[in-house]
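Working notes, structure below.
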Amino acid sequence: MSAIQLKCKICGAPIDITPEDAVYNCNSCGQAFTADGKTFENHYFFPNILNKDKIHEIISKFIKKNSFLRGIKDYSIKSIMPILLPFWIVKTQANTHFLGYLKYSETRTRRTSSGSIKSESVTVYKPIEEDINEERTDIILARRATTIFGYKKVKKLIEENMQNMVHFDIDLLKDKEQEFQYLSTEFSDIDANQLIKTKIFDEHRARAEKKCTKVFDCYTQISFLGTFFTHFPVWEVEYDFKGETYRVAINGNTGEIIKGEIPVTKLFRIVNFSISILLIVGGVLINFFYGKSAGFVPWVTGGIVTFTLFFTVNNTFKPMSVVD
Ligand SMILES: [Zn+2]
C-alpha cells in the first residue's frame with residue numbers, strides 16, 4: 001500500500017503511514033496517534049536497557065556459551081536493528097453460565113420377581129449447570145502477521161514481566177546511536193477487544209463442551225476492565241559466519257536472548273558423528289559381554305544409545321542449531 005506522509009503534531013517530524021495503520025507512532029518523539037490523527041495517550045512500553053555496545057557483548061557471550069565443540073571464531077555482526085513490537089493487553093471479567101447434560105452408562109442390579117439378582121447396564125443423563133467466572137488478561141500482537149524472528153515468544157515475556165511495563169517515555173527508549181523502528185499497528189483497540197471477546201467465547205464454550213455430552217445453552221458476558229497499547233523492544237541481530245547469516249533476537253528490556261541461531265560447523269559434525277559411532281560400538285560391546293547375564297542390560301543400553309544417537313545424528317545433519 002502506498003505511504004502517506006504526515007507531520008507530527010508534537011515535534012514536527014515527518015511520519016510515514018499506510019492506510020492499514022490503526023495506530024501510528026512518530027519515529028522521532030514516539031507519540032502515538034489513532035488512525036484519524038488524534039493523539040493517543042493510552043500508550044505503554046517496556047523500557048529499553050540496551051545499546052549497540054551491549055549488543056556486541058551479548059552476542060559475543062551467546063556465541064562463546066554455545067560454541068562448545070563447534071569452533072566458532074571470526075564471526076562478524078552484519079546488522080543490528082532495534083524494533084518495537086506492538087501489542088494490545090486486554091483485561092476482562094468474563095462470566096459464562098452453561099446448561100447441558102452428561103450421558104454415561106452405569107451398571108445397576110435389581111432383584112427380579114423370581115428372587116434372583118440381575119445386573120443391567122443403563123444409560124444415565126445427568127443434568128449439568130455450571131458457571132465459569134474469571135478475571136483475565138489476554139495479550140495479542142496488534143498485527144495480522146509478522147516475520148520478525150523470535151516474536152512468538154514475546155507474548156509470554158510480556159505476561160511474565162508485566163511489572164516492568166510503564167507509561168511510554170521516549171527518554172527510556174532512545175539509544176543515542178540508533179533509532180527504534182516502530183512495527184506498524186494494524187489492529188485498533190476496538191479490533192483487539194473484539195478479537196479477545198471471540199477468543200473468550202470460544203474458550204468458555206470449549207470448557208463447557210468438555211464437561212457435557214451436549215451443551216444446550218452457553219451464555220457468556222464480558223466486561224472490559226481496560227485495554228492497553230504497549231510496545232516491546234526487540235533487538236534483531238544478524239551475524240555472519242563463513243558466508244552464512246545467522247539471526248539472534250534479544251529482549252531489549254532485560255538483555256536476554258529470545259531466540260538465536262548457532263552454526264553447525266564441520267568440527268561439530270565430526271564430533272557428533274564420532275560420538276554416534278562410539279555409541280553404537282560401545283552399545284554392541286556392552287551387550288556382548290553383559291547382555292547374557294542380566295536381562296535388563298540390553299534394554300537399558302539400547303535405550304540410552306538410541307536416545308543419545310537421536311541427538312547426535314540430528315546434530316550431525318542439520319544446518320544450524322536454534323537456542324531459545
Ligand atoms: Zn513527533
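Hey, any hits in the stretch 249-258 for a residue that's in the same structural domain as T185 (by TED's automatic domain parsing) and more than 17 Å from the chain's Cα centre (by Cα)? For the stretch 249-258, residues in the same structural domain as T185 (by TED's automatic domain parsing) and more than 17 Å from the chain's Cα centre (by Cα): present. Cβ separations smaller than 9 Å between residues 6+ apart or across chains give the following pairs from the stretch 4-30 residues that are within 20 Å of F232 (Cα to Cα) to residues that are within 13 Å of the ligand (Cβ to nearest atom) and of a type in the set (D, E): Y24/D16; N27/D16; N27/E179; S28/E179. Counting the residues of the stretch 48-70 that are out of contact with any Lys or Arg (no Cβ under 9 Å at 6 or more places or on another chain), surrounded by 12 or more Cβ atoms within 10 Å (Cβ to Cβ) and part of a loop (DSSP other than H, G, I, E, B) gives 4.
The one condition from (1) in a helix (DSSP H, G or I); (2) modelled with pLDDT of 95 or more; (3) of a type in the set (D, E) that D171 does not meet is (2). One residue stands out among those in the stretch 24-36 that are outside any strand (DSSP E or B) and more than 9 Å from the ligand (Cβ to nearest atom): the one that is nearest to D171 (Cα to Cα), which is A35. For the structure I just gave you, tell me whether A208 is outside any strand (DSSP E or B) and in contact (Cβ under 8 Å) with a residue 40 or more places away in the chain. Yes; evaluated as a whole, the condition is true for this residue. Among the residues of the stretch 37-46, the ones that are within 14 Å of the ligand (Cβ to nearest atom) and surrounded by 14 or more Cβ atoms within 10 Å (Cβ to Cβ) come to 2 in all. Residues in the stretch 153-179 that are within 28 Å of S223 (Cα to Cα) and either in contact with a Leu (Cβ under 9 Å, 6 or more places away or on another chain) or not assigned by TED's automatic domain parsing to the domain that holds D217 (or both): V154, K155, V166.
Among residues belonging to the stretch 231-243 that are among the charged types (D, E, K, R) and within 14 Å of I63 (Cβ to Cβ), point out the one that is farthest from the chain's Cα centre (by Cα). So, considering only residues that are among the charged types (D, E, K, R) and within 14 Å of I63 (Cβ to Cβ), the one farthest from the chain's Cα centre (by Cα) is K242.
Give the residue that is nearest to the ligand (Cβ to nearest atom), with candidates limited to residues of the stretch 5-23 that are surrounded by 12 or more Cβ atoms within 10 Å (Cβ to Cβ) and assigned to a strand (DSSP E or B).
I15
The residues in the stretch 147-163 that are assigned to a loop (DSSP other than H, G, I, E, B) and within 18 Å of V322 (Cβ to Cβ) can be counted, and the count is 4. Of the residues in the stretch 47-69, none is in contact with a His (Cβ under 8 Å, 6 or more places away or on another chain) and either within 15 Å of the ligand (Cβ to nearest atom) or assigned by TED's automatic domain parsing to the domain that holds H231 (or both). In the stretch 275-291 there is at least one residue matching the filter, namely being part of a loop (DSSP other than H, G, I, E, B) and touching a helix residue (DSSP H, G or I) at 6+ places or on another chain (Cβ under 9 Å). Quick check, is S114 hydroxyl-bearing (S, T, Y) and away from the ligand (no atom under 16 Å from the Cβ)? Criteria met by S114.
The values are calculated or read from the model by the stated rules, or taken from the named source; none is laboratory data. Just so it is clear, the structure is predicted and the values come from calculations on it, not from any experiment. Backbone-built Cβ (ideal geometry, glycine too); neighbour counts: all protein chains shown.
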